[in-house]
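Enquirer: Let me begin by handing over the structure; questions about it come next.
The values are calculated or read from the model by the stated rules, or taken from the named source; none is laboratory data. Being a predicted model, the structure only gives us computed values, none of them experimental. Cβ placement follows ideal geometry from the backbone for every residue including glycine, while neighbour counts extend to all protein chains displayed. All accessible areas refer to the heavy atoms of the entire protein, side chains included, with ligands and DNA or RNA removed. Shrake-Rupley method; radii C 1.70, N 1.55, O 1.52, S 1.80 Å.
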Amino acid sequence: MNRALSVRSRKGHENGSSAGGSSGGPKHRFTMSSLRGMQQSDLSKRLYKLIKSENHAIASYESASKERMSIAVQLSEWGQTTGDDAVSDISDKLGVLLSEIAEQEDQFASNLEEYRGILKQIRNTEQSVQPSRDHKAKVSDEIQKLKYKEPESTKIVTLEQELVRAEAQALVAEAQLTNVTRQKLKEAYAIHLAAIIERSEKQAILARHARQVISLLDDTPIVPGDAHPEYKGEDAGREILNEAEQELRSWTPRYEEDALAKSQHAGLSTNGLGDGHSHMGEESIGEVQTNDYEKENGLGPAEDSTRGEMEGSVEHTPPGAYASAA
């Protein structure tokens, strides 16, 4: 909550920032990031575009916050020029509350940046999986070409063994992608939705108190020559601001914080898996899948060391490497 009881004291500062920062929305120019978008793998292109769009949306929220702050100051300054004590005091206190509403918009944009950063982890994992997919497809194509041109070539056997190893490597990478995608998608949107709830509830608190402030203004019509009674709402208005600040300070999320953990536990129980499954790393999953696949395709012990080298080249991200969503 803005501690100031008036926004007029920041007149010079706000005018300066308004003159330099309210000329329009964010301008998007062609940069190196545009080139990076063209170089994205097929697997990560869609998520890259989503993340880029979120960046523009966040910039819009930040711009809107600055504009709303400027409008709150303008309201206060206008009220001061009316010569009406009641209008002057009410407009100033409304400006304080409206400027705090603008601050909540800026905080919302900051929370969206955190959510966007988690989505990038999924995108990066998608990029790391693409080479294993491409390698498997390349080896498979080479085998098909040789079978068509040189059906008796001894190179076919070598390539088929290489294909088995490539498919084993792909299994490990795909398992990692599935685990990271599910975990980080849940984490990212838990942050996103919590930010929406926080912004809406805090802005609702401020709006309710703003309505209490405006109700202090006596709008009873008067006839020419009469005057409104002397305005005596300064203290009441100041108390409303203090109550708004106190309510913001004591605000806590009302949604159930362990809802995600409960849903995850329910999902594991439905599948008949114990709690220990949630602590399995991608490496353990990859090893089981790789060994089963090699047994089915006849890859003998002679290739075990080669397979180990291939698996070692795959980056594994432990599920607990990142902080869980608040």
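Enquirer: Which of the residues spanning the stretch 232-255 are open to solvent by 90 Å² or more (accessible area, probe 1.4 Å) and not in a loop (DSSP other than H, G, I, E, B)?
Expert: Within the stretch 232-255, 235, 238, 239, 246, 249 meet the criteria.
Conditions (1) surrounded by 16 or more Cβ atoms within 10 Å (Cβ to Cβ); (2) among the hydroxyl-bearing types (Ser, Thr, Tyr); (3) touching a helix residue (DSSP H, G or I) at 6+ places or on another chain (Cβ under 8 Å), marked per residue:
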{"position": "90", "(1), (2), (3)": "yes, no, yes"}
{"position": "93", "(1), (2), (3)": "yes, no, yes"}
{"position": "97", "(1), (2), (3)": "yes, no, yes"}
{"position": "101", "(1), (2), (3)": "yes, no, yes"}
{"position": "104", "(1), (2), (3)": "yes, no, yes"}
{"position": "110", "(1), (2), (3)": "no, yes, no"}
{"position": "115", "(1), (2), (3)": "yes, yes, yes"}
{"position": "118", "(1), (2), (3)": "yes, no, yes"}
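Enquirer: Return the only residue of 151, 229 being open to solvent by 80 Å² or more (accessible area, probe 1.4 Å) and over 28 Å from residue 94 (Cα atoms).
Expert: One residue alone meets the criteria, 151.
Enquirer: For the stretch 122-140, check the following and say yes or no: at least one residue is buried (at least 16 other Cβ atoms within 10 Å of the Cβ), of a type in the set (Asp, Glu), within 30 Å of residue 200 (Cβ to Cβ) and within 31 Å of the chain's Cα centre (by Cα).
Expert: No, there is no match, as no residue in the stretch 122-140 is buried (at least 16 other Cβ atoms within 10 Å of the Cβ), of a type in the set (Asp, Glu), within 30 Å of residue 200 (Cβ to Cβ) and within 31 Å of the chain's Cα centre (by Cα).
Enquirer: Considering only residues that are β-branched (Val, Ile, Thr), assigned to a helix (DSSP H, G or I) and over 23 Å from residue 123 (Cβ atoms), look in the stretch 138-185 and name the one that is modelled with the highest pLDDT.
Expert: The residue in question is 164.
Enquirer: Pick from 66, 45: which is at pLDDT 90 or above and open to solvent by 70 Å² or more (accessible area, probe 1.4 Å)?
Expert: 66
Enquirer: State whether the residues of the stretch 202-222 include one that is in a helix (DSSP H, G or I), open to solvent by less than 60 Å² (accessible area, probe 1.4 Å) and without any contact (Cβ under 8 Å) to a residue 12 or more places away in the chain.
Expert: Yes, the stretch 202-222 contains at least one residue that is in a helix (DSSP H, G or I), open to solvent by less than 60 Å² (accessible area, probe 1.4 Å) and without any contact (Cβ under 8 Å) to a residue 12 or more places away in the chain.
Enquirer: Which pairs have Cβ atoms under 6 Å, sit 6 or more apart or on different chains, and link a residue in the stretch 73-91 that is within 22 Å of residue 101 (Cβ to Cβ) to one that is among the β-branched types (Val, Ile, Thr) and part of a helix (DSSP H, G or I)?
Expert: 79/87
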